[in-house]
Amino acid sequence: MTEWFTLRNIVVVGLLIVLALVPVYVSIGGNTFLMTLFTRIVILAMAATSLNLILGYGGMVSFGHAVYLGVGGYAIGILAHEGVASGFLQWPIAIGASALLALVVGALSLRTRGLYFIMITFAFAQLVYYFGVGLERYGADDGLTIYRRSQFAGVLDLSNRAVFYYLCLLLLVGTIYLVWRLVNSRFGLVIQGSRSNDRRMQAIGFPTFRYRLTGFVIAGAICGLAGALLANHTEFISPATMHWTRSGDLIVMVVLGGMASSFGPLIGAVTLLVLEELLPAIIRLLAFPFLDPPMAVKISEYWPIVLGPLFLLVVLFARGGMNGLLEGARRD
Amino acid sequence: MTDALLAIEGLTKRFGGVVASDEITLAIPTGELHAVIGPNGAGKTTLIGELAGEIAPDQGRVWFAGRDITALPVHRRSAIGLARSFQVTSLFPDFTALDNVALAVQAHSGHSFRFWRNARRDAALREPARAVLAQVGLADRADVPVSRLSHGEHRALEIAMALATRPRMLLLDEPMAGMGPDESARMVNMLRGFKRQLTILLIEHDMEAVFALADRITVLVYGRVIASDIPAAIRANEEVRKAYLGAPDELVGQE
């Protein structure tokens with residue numbers, strides 16, 4: 001019954017193959033910038049996938065999801081700073097700390113709905129952000145350099161960039177699979193039902209709060225792991241990691257790629273981050289024949305003027321984001 | 001109050017200056033189909049809300065199966081066998097009809113902290129759900145998304161959702177709302193089939209349906225019970241005639 005050769009599936013498989021081949025390409029061409037860019041894309045796609053669990057499937061518009069990137073990252077940074085370099089210790093602590101914060105934030109914010117929920121998650125994120133700014137011992141505003149990546153003695157060498165990249169990719173694919181299992185399980189149907197009609201869910205006997213809270217904690221924990229990866233990637237952590245604009249970026253990735261779809265957040269993350277790099281170059285290229293070079297460069301700095309309307313068009317006209325667009329194309 | 005499945009005692013609810021429930025006292029024995037009628041704004045839906053647990057009464061008590069449930073949350077009431085349908089269809093539009101009913105079955109098959117197995121392939125949920133769909137005549141519409149079902153099918157699915165929780169008692173809030181005569185007749189037949197097996201509290205504007213189905217009828221006016229008796233006695237009651245039945249406009253009134 002299920003059609004496999006759909007445009008959407010071809011794009012997704014193509015995307016995964018490209019992602020898998022990035023280190024090969026880089027090792028031949030020697031373009032390390034691509035490696036850096038794609039490692040970041042894969043990690044943020046993982047964070048966006050975790051947000052999709054609660055935003056797309058659960059209808060919980062958390063406007064503070066980047067805070068778990070920060071908490072996961074700070075767990076790595078602080079432990080490394082204090083001499084605990086073992087990843088076997090660092091990573092579970094990063095995940096646990098994020099889950100714990102999500103439990104507190106969720107327990108308070110999930111009692112509200114709609115705009116109030118958005119504002120409370122935002123307020124908590126700001127609170128933690130300024131807490132980070134106040135961490136004098138760990139660099140405060142300027143952040144903290146991480147001199148050694150997490151040590152997995154005898155198992156993995158994260159200082160090898162290709163090994164690290166493949167680990168991130170593996171964890172991203174694992175996250176997508178996990179979220180897919182979750183949303184189709186009994187648990188997943190409860191949080192989806194609650195997004196669709198919470199009143200009816202209660203009337204048929206579901207204590208929905210505890211399920212929504214569990215979803216919120218799982219999403220926070222996964223994002224905390226993404227934060228641990230990001231800190232290892234940049235070898236640096238600062239409050240900027242959890243700035244509210246980063247939370248906004250994650251929402252854009254999910255909405256642009258397609259809410260409540262398995263690969264939507266990945267598609268959204270790739271699109272947003274690649275366009276961020278490409279748009280200035282494209283604008284420069286288009287402007288050179290008409291303007292003198294300094295002016296063309298200046299204009300290219302206004303690339304969000306192009307990205308903004310593109311995002312609006314997708315949101316307004318493609319129900320289900322780019323994923324929906326690709327699936328819709330099949331029906332023609 | 002011991003032999004009544006549902007007993008209401010002195011239930012009162014005020015919204016500002018409006019008294020929506022005014023010292024309502026009522027006992028519904030097991031197996032009875034009890035209709036509540038009254039003009040628009042009589043407080044019928046407020047009463048359902050108080051019984052289902054969505055609205056907290058200011059005074060009074062509600063007993064179900066001998067247990068004081070006045071302060072019990074909505075989902076706990078469903079768990080002990082009190083199910084409701086909604087006046088305005090309240091379903092999960094992105095799910096299929098079968099998904100909807102299976103979710104109601106799931107709510108009553110243990111906790112849902114089950115994270116791995118595909119719930120849509122779980123026969124323990126799907127089979128009972130199919131049986132309930134067949135009961136309300138939607139067997140061949142199981143895989144149609146709710147957003148593509150007709151109004152009459154939505155109303156039938158409303159009932160199916162309540163039935164799937166295996167209740168002892170149904171609270172039906174205007175099940176015939178917005179239905180044509182044919183659909184109404186079908187709904188009356190279906191409800192007649194549930195009589196005796198289930199205790200039913202029926203709120204309905206369709207007088208033909210009410211008098212065809214009810215064992216007893218309670219008349220609510222401005223939140224107050226003005227009569228509660230068998231259909232023949234309600235028809236003959238002077239006060240009811242004056243307050244309600246006598247005014248022909250009210251008989252066809254819809255909210």
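The values are calculated or read from the model by the stated rules, or taken from the named source; none is laboratory data. Just so we're clear, the structure is a prediction, and the values are computed from it rather than from any experiment. A quick note on method: Cβ atoms are made from the backbone with ideal geometry, for glycine too, and the neighbour counts reach across all protein chains shown.
Elements of the type helices (runs of 4 or more DSSP H) sitting completely within the stretch A:223-330 and holding at least 2 residues that are among the hydroxyl-bearing types (Ser, Thr, Tyr): these cover A:244-257. Taking the criterion of being part of a helix (DSSP H, G or I) and either surrounded by 21 or more Cβ atoms within 10 Å (Cβ to Cβ) or not hydrophobic (A, V, I, L, M, F, W, C) (or both), the residues of the stretch A:80-96 that qualify are A:Ala80, A:His81, A:Gly87, A:Gln90, A:Trp91, A:Pro92, A:Ala94, A:Ile95, A:Gly96.
The rows are residues; the columns are (1) under 21 Å from the mean Cα position of the chain (by Cα); (2) over 14 Å from B:Thr165 (Cα atoms).
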site	(1), (2)
B:Phe92	yes, yes
B:Thr96	no, yes
B:His108	yes, no
B:Arg114	no, yes
B:Arg117	no, yes
B:Ala123	no, yes
B:Gln135	yes, no
B:Asp140	no, yes
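Right, B:Leu157: of a type outside the set (Ser, Thr, Tyr), outside any helix (DSSP H, G or I) and surrounded by 15 or more Cβ atoms within 10 Å (Cβ to Cβ) or not? No; evaluated as a whole, the condition is false for this residue.
Screening B:Gly180 against (1) more than 14 Å from chain A (Cβ to nearest Cβ); (2) surrounded by 15 or more Cβ atoms within 10 Å (Cβ to Cβ) leaves a single unmet condition, (2). Being within 14 Å of chain B (Cβ to nearest Cβ) and either surrounded by fewer than 24 Cβ atoms within 10 Å (Cβ to Cβ) or closer than 22 Å to A:Leu171 by Cβ (or both) holds for only one residue in A:Asp249, A:Asp198, and it is A:Asp198. Residues in the stretch A:202-222 that are facing chain B (nearest Cβ under 8 Å) and assigned to a helix (DSSP H, G or I): 5 in all. Here A:Ser185 fulfils each of the conditions (1) over 30 Å from A:Val270 (Cβ atoms); (2) free of Cβ contacts under 8 Å to residues at least 12 places away in the same chain apart from (1). Checking each residue of the stretch A:188-197 against the condition of being of a type in the set (D, E, K, R) and under 27 Å from B:Leu91 (Cα atoms) gives at least one match. When the stretch A:103-134 is filtered for residues that are touching a residue at least 60 places away in the same chain (Cβ under 8 Å), among the aliphatic types (A, V, I, L, M) and surrounded by fewer than 18 Cβ atoms within 10 Å (Cβ to Cβ), the ones remaining, listed by number, are A:Leu103, A:Ala107, A:Val133. Across the stretch A:51-75, the qualifying residues are those that are in contact with a Phe, Trp or Tyr (Cβ under 8 Å, 6 or more places away or on another chain) and part of a helix (DSSP H, G or I), and the one among them that is surrounded by the most Cβ atoms within 10 Å (Cβ to Cβ) is A:Val67. Within the stretch B:126-146, can one find any residue that is surrounded by 16 or more Cβ atoms within 10 Å (Cβ to Cβ), under 28 Å from B:Gly193 (Cα atoms) and in contact with a Pro (Cβ under 8 Å, 6 or more places away or on another chain)? Looking through the stretch B:126-146, at least one residue is surrounded by 16 or more Cβ atoms within 10 Å (Cβ to Cβ), under 28 Å from B:Gly193 (Cα atoms) and in contact with a Pro (Cβ under 8 Å, 6 or more places away or on another chain). Pairing residues of the stretch A:20-43 that are surrounded by fewer than 17 Cβ atoms within 10 Å (Cβ to Cβ) with residues that are modelled with pLDDT under 95, at Cβ distances under 6 Å and at least 6 apart in sequence or on separate chains, gives A:Leu34/A:Val26. Residues in the stretch A:156-195 that are hydroxyl-bearing (Ser, Thr, Tyr) and closer than 20 Å to A:Leu225 by Cβ were compared, and the one that is farthest from the other protein chains (Cβ to nearest Cβ) is A:Ser159. Filtered by the rule that a residue be buried (at least 18 other Cβ atoms within 10 Å of the Cβ), touching a residue at least 60 places away in the same chain (Cβ under 8 Å) and small (Gly, Ala, Ser), the stretch B:21-70 gives B:Ser21, B:Ala35, B:Gly38, B:Ala42, B:Gly43, B:Ala52. The set of residues in the stretch B:185-199 that are more than 16 Å from B:Ala35 (Cβ to Cβ) and either in contact with a Lys or Arg (Cβ under 8 Å, 6 or more places away or on another chain) or among the polar types (S, T, N, Q) (or both) comprises B:Asn189, B:Gln197.
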